[in-house]
Amino acid sequence: MTFRLSGIDPTPYEALFALDDAELQRRGAKRCRADSDSGYPCRAGLEDAKAGDELLLLPYEHQPAASPYHASGPIFVRRGATRRELPPGVVPPYVSKRLISLRAYDAVHMMVDAAVCEGGEVARELERMFGDGVVAYVHLHNAKRGCFSCVAHRA
């Protein structure tokens, strides 16, 4: 397989869990508890939080590059999450059960390809995208809400 999915580093968000709700709101974040085992995808651990888990919903700059595609959006991070990097070719249920938008970028952070597919087709689509040598990385987004999901790099 030519790709490896990685979660975000949760370290910058750990201290935010100690803040009260008013301070979180001032920072554009919100504390929540998962009310089911689905619907609260943690962007660090690459898995849905379990019912009762505490999470923060907050803005995340998923495309920080100096590029026309510079972007941010909301993400969930679960309390106590660790960054997960999956073995090559593995697509977890966190991705495979959702409609996914894939956005491929080159080394200077310009979008060179894009697709929307059912999660079960993500591996095939990533293989196709990384078949183009100009693709440096691919961002995955939950297509329905547009939220950043994870990043794929060449394995």
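Worth pointing out:
- Here's the list of lysines a cross-link from K97 could span, going by alpha-carbon distance under 23 Å and ignoring same-chain residues fewer than 8 apart: K50, K144.
- Dipole axis of the range 3-154 (+1 Lys, Arg; -1 Asp, Glu on Cβ), positive-most option in A123, F3, A107: A123
- From helices alone, the chain scores -3000 deg cm²/dmol at 222 nm; the rule is -39500 (n - 2.57) for each run of n ≥ 4 DSSP H residues, then divide by the residue total.
- For the range 3-154, size of Cβ-based charge dipole, Lys and Arg +1, Asp and Glu -1, in debye: 120 debye
- Protection proxy ranking of 78-86, 26-34 - average other beta-carbon atoms within 10 Å, highest first: 78-86, 26-34
- Cβ-defined net charge surrounding A51, 13 Å radius [Lys, Arg +1; Asp, Glu -1]: -2
- Relative contact order of the range 91-155, pairs being alpha-carbon contacts under 8 Å that are 6 or more residues apart, as %: 34 percent
- The chain: relative contact order as a whole-number percent, Cα under 8 Å and 6+ apart: 27 percent
A short reminder: the numbers here are calculations on the coordinates, not readings from a lab. The model shown is predicted, which means the values in this text are computed figures rather than measured ones. All Cβ positions, even for glycine, are placed from backbone atoms using ideal geometry, and neighbour counts span all protein chains on display.
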